[in-house]
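> Okay, here's the structure, questions in a sec.
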Amino acid sequence: MQIPTKRAGTPSPTAHDHVCWGYRRPAEFAAEAQEFLAEGLAAGEQVLYVAPGAKDFLEGQLRSAGRFDEGLRSGAVQAASVGGTYTTGTVVDPAGQVRLYAAATEEALAAGFTGFRVAADATSLVRTPAQLDAFARYEHLVDRFMATHPMSAMCGYDLAELGADAVAQLACMHPRAHEVATPFHLHGHARDGGAAALEGELDMESRRLWPLALERADLRPAAGTTVIDAAGLGFIDHRSLSALADYAERRGTEVVLKTRLSTPARLLELLDLTGVRVERV
């Protein structure tokens with residue numbers, strides 16, 4: 001299947017949004033999801049609401065907002081249970097799930113919409129360590145897709161059920177997060193064709209999360225070099241640089257860190273770390 005890289009019609013001003021939304025009451029996520037979907041609908045996108053419950057119940061939630069009735073009649077607005085969109089109770093196939101959303105995006109474009117937008121409560125899909133690991137990998141992989149295609153997503157996670165640490169593992173794979181404490185974001189919206197973008201701060205708070213995120217991102221090298229767009233990085237300590245050097249050695253690649261910071265190059269020299277090269281931007 002060949003996926004188009006240009007939007008049909010007028011481009012959506014909110015295209016390429018991908019936000020992790022932590023919540024403590026389902027009603028909170030439902031309200032924010034409706035706002036997110038309404039923005040896409042106003043921009044000519046086809047929108048999908050995914051949450052626990054039967055399709056009729058979810059459509060009723062949307063109708064109660066008073067602004068999705070026409071969209072539900074025309075097909076511009078759709079609703080689906082989590083079980084109807086993902087295989088609940090099992091470990092997600094990251095690449096397979098991206099292919100499903102790529103097909104949905106292609107179908108939306110073919111129908112004349114400007115893009116495809118989904119708000120999904122994914123709490124039930126990350127309850128076990130294996131599910132969490134696979135879904136974090138999926139979050140980064142689908143973000144790569146969204147970086148070059150007109151798909152947007154809001155991913156909801158119940159902080160009260162999952163815990164802040166688990167949700168942070170998912171949030172750090174998004175460009176944006178709400179109500180979730182994550183010190184950095186490693187995502188697919190990189191400039192100039194980089195393998196990933198890196199924003200935030202890498203310090204003591206990141207010492208466990210950063211190596212885990214690197215492994216899950218499975219960054220794609222080009223000609224033996226893995227470029228990370230770190231223009232949005234505010235700080236990186238020696239532990240995080242060592243973890244990056246370890247990653248480069250394991251993957252047999254040279255990592256190029258494009259950053260505005262001057263300290264990483266000095267730290268690499270002082271620590272005699274190899275496999276990582278700094279380019280100032």
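Each reported figure results from applying straightforward, stated rules to the coordinates on display, with no laboratory input. For clarity, every value in this text was computed on a predicted model and none was experimentally measured. We place every Cβ from the backbone using ideal geometry, glycine too, and count neighbours over all the protein chains shown.
> Show that you can apply the helix-only estimate: for the chain, add -39,500 (n - 2.57) for every DSSP H stretch of four or more residues, divide by all residues, and state [θ] at 222 nm to the nearest 500. Before the final figure, lay out each step's value.
Details: 11 runs with 118 residues, N = 281.
Per the formula, -12500 deg cm²/dmol.
> Can you put PHE184, PHE57 in order of Cβ neighbours within 10 angstrom, beginning with the fewest?
Working: PHE184 25, PHE57 12.
Starting with the residue having the fewest Cβ neighbours, the order is PHE57, PHE184.
> What's the magnitude of the charge dipole for the chain around its Cα centre, counting Lys and Arg as +1 and Asp and Glu as -1 at the beta-carbon? Answer in Debye, nearest 20. Each step should come with its number before you reach the end.
Values: 27 positive and 36 negative charges, 88 e Å.
It works out to roughly 420 debye.
> Taking the simple approach of a point 7 Å from Cα along Cα-to-Cβ for both ARG191 and HIS178, what is their distance in nm?
2.7
> Under 11 Å from the Cβ of HIS174, count the other residues' Cβ atoms, weight Lys and Arg +1, Asp and Glu -1, and hand me the total. Walk me through the numbers on the way to the answer.
Working: positive: ARG176; negative: ASP17, GLU139, ASP143, GLU199.
Spelling it out: positives minus negatives among the neighbours equals -3.
> Can you give the charge dipole size of region 196-280 about its Cα centre, rounded to the nearest 20 debye, using +1 on the beta carbon of Lys and Arg and -1 on the beta carbon of Asp and Glu? Please list the in-between numbers first.
Values: 12 positive and 14 negative charges, 24 e Å.
In total the dipole reaches around 120 debye.
> Quick check for you: which residues of region 36-53 have the amide N under 14 Å from the point 7 Å beyond the Cα of ARG63 toward its beta carbon?
Under cut-off, by backbone N: nothing.
> Let me ask you something else. Pairs of Cα atoms under 8 Å, at least six residues apart: use those to get the relative contact order of region 196-280, whole percent. Let's see the in-between values first.
On the way: 134 pairs, mean separation 26.7, N = 85.
Relative contact order comes out at 31 percent.
> Hey, another quick one. With r defined as the distance between the Cβ atoms of ASP165 and LEU72 and R0 fixed at 45 Å, what FRET efficiency is calculated, to the nearest 0.05?
On the way: r = 38 Å, r/R0 = 0.84.
After rounding to 0.05, the efficiency reads 0.75.
> If Lys and Arg each add +1 and Asp and Glu each add -1, what is the summed charge of the other residues whose beta carbon sits under 14 Å from the beta carbon of ALA134?
Numbers: positive: ARG127, ARG137, ARG216; negative: ASP93, ASP133, GLU139, GLU215, ASP218.
Spelling it out: positives minus negatives among the neighbours equals -2.
> Given 0.36 nm per residue, what is the gain on full extension from GLU35 to ARG208 after removing their alpha carbon distance, in nm?
58.9 nm
> Going by how many other Cβ atoms sit within 10 Å of their own, how do HIS149, HIS187, HIS238 line up, fewest first?
HIS238, HIS149, HIS187
> Checking understanding here: applying a Kyte-Doolittle mean of at least 0.0 and a length along the axis of at least 15 Å (C-alpha), which whole DSSP H helices in the chain pass?
On the way: long enough: 26-42 (24 Å, 0.26); 94-110 (24 Å, 0.21); 129-148 (30 Å, -0.17); 238-251 (20 Å, -0.97).
Within the chain the helices that satisfy the rule are 26-42, 94-110.
> Looking at VAL91, MET146, ALA80, which one has the Cα that reaches farthest to the positive end of the dipole of the chain (charges on Cβ: Lys, Arg +1; Asp, Glu -1)?
About the Cα centre, the residue reaching furthest to the positive side is MET146.
> Please give the contour-minus-distance gain from THR128 to ASP56: 0.36 nm per residue of separation, less the Cα-Cα distance, rounded to one decimal in nm.
23.1 nm is the gain from fully extending THR128 to ASP56.
> Consider the candidate values (i) 51, 42, 38; (ii) 64, 40, 29; (iii) 68, 41, 32; state which one is Cα extents along the principal axes in Å computed from the structure displayed.
Identified label for the calculated read-out: (ii).
> Please rank LYS258, LYS55, fewest neighbouring Cβ atoms within 10 Å first, as an exposure proxy.
LYS55, LYS258
> Okay, next question. Using 1/(1 + (r/R0)^6) with R0 = 45 angstrom and r between the beta carbons of ALA42 and THR225, what's the FRET efficiency to the nearest 0.05?
Numbers: r = 41 Å, r/R0 = 0.92.
Approximately 0.60, to the nearest 0.05.
> Continuing with the same structure: If you add up the charges near ASP17, with Lys and Arg at +1 and Asp and Glu at -1, over every other residue whose beta carbon is less than 13 angstrom from its beta carbon, what do you get? Walk me through the numbers before you get to the answer.
Numbers: positive: ARG117, ARG176; negative: GLU32, GLU35, GLU39, GLU45, ASP143.
So the surrounding residues net to -3.
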